[in-house]
1. Could you go through region 83-97 and let me know if any residue there is out of contact with any Gly (no Cβ under 6 Å at 6 or more places or on another chain), buried (at least 17 other Cβ atoms within 10 Å of the Cβ), at pLDDT 70 or above and basic (K, R).
2. Residues that are modelled with pLDDT under 95 and of a type in the set (V, I, T), at least 3 per element: which helices (runs of 4 or more DSSP H) completely within region 1-73 meet that?
3. Of everything in region 44-55 that's touching a residue at least 12 places away in the same chain (Cβ under 8 Å) and over 19 Å from G87 (Cβ atoms), which residue is surrounded by the most Cβ atoms within 10 Å (Cβ to Cβ)?
Amino acid sequence: MNEAGSQDEPVPGQDTEGRDPVRRIPDIISLVKDSYSELRPAERRVADVVLDDVKYAVDASNAALAQRAGVSEPTVTRFCRAIGCEGVRDFKLKLAQSLVVGALYLAKSPSVSNDNGMPFWNAVFGEARRALQEAERQLDPAQLQKAAD
């Protein structure tokens, strides 16, 4: 018999090990900004390069990123680990995901007609469908099945 508040009972929305089964795309750019004051000076130079030109940081090699920041390649790796990533590859993946998600939210809004309001609603529902399709595309079927079981 479990007491109220016991850790033996699973929390709704989490698996039995306490992890959230919903895959989330981390906002790595906010994480870099939030961690900035805790970084070493050389790691801050890497953060500055990343924050100044996110697209460059995604596309650049480790060596090019290090050169632009004026640091060594191992410093770039240390920076990535300091903000919670497993390494440069993991950091760049999260950075690219943040760019894609940001682009979705910054995409040009559909034009709105003043006719009878119908094109406005078509645009609203069209955007809702597009957002749902994008969310569905990002789902991990294995994680969903695991959560359902």
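The values are calculated or read from the model by the stated rules, or taken from the named source; none is laboratory data. Predicted model only: the values in this text are computed from it and were never measured. Cβ placement follows ideal geometry from the backbone for every residue including glycine, while neighbour counts extend to all protein chains displayed.
1. yes
2. In region 1-73, the matching helices (runs of 4 or more DSSP H) lie at 28-35.
3. D48
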